[in-house]
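So the structure is just underneath, and the comments pick up after that.
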């Protein structure tokens, strides 16, 4: 019950903080717009850059990278599967049986042979 009360208090306080930030946000923008100094050379250069083209280029590179990484992971998966299959005992693979670690195998001794 105490956890529920504490979680409720935390959520209500987060809601109050978001509400207060939302109320003060328009005032901050108005003050910043009134006191904006002359734009610098860097700001003018940033406005001239074609951000849409740069964004499309980055998206294309990211897509290619993700596709190649997916292909690499799939190849790695296939390699590991073949390596795991080679580690299995040959007799169990032929019979379709899996080795059982709990099964007791009797070991033949010299006294049993006589």
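The figures follow:
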item	result
Meets criteria (surrounded by fewer than 10 Cβ atoms within 10 Å (Cβ to Cβ), at pLDDT 75 or above and part of a helix (DSSP H, G or I)) for residue 69	no
Single condition residue 35 does not satisfy, out of (1) at pLDDT below 95; (2) surrounded by 10 or more Cβ atoms within 10 Å (Cβ to Cβ)	(2)
Neighbours by Cβ (under 9 Å, 6+ apart or cross-chain): first from segment 47-58, without any contact (Cβ under 8 Å) to a residue 24 or more places away in the chain; second surrounded by 10 or more Cβ atoms within 10 Å (Cβ to Cβ) and outside any helix (DSSP H, G or I)	47/39
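The values are calculated or read from the model by the stated rules, or taken from the named source; none is laboratory data. The model shown is predicted, which means the values in this text are computed figures rather than measured ones. Quick reminder, even Gly has a Cβ in these numbers, built from the backbone with ideal geometry, and neighbours come from all protein chains shown.
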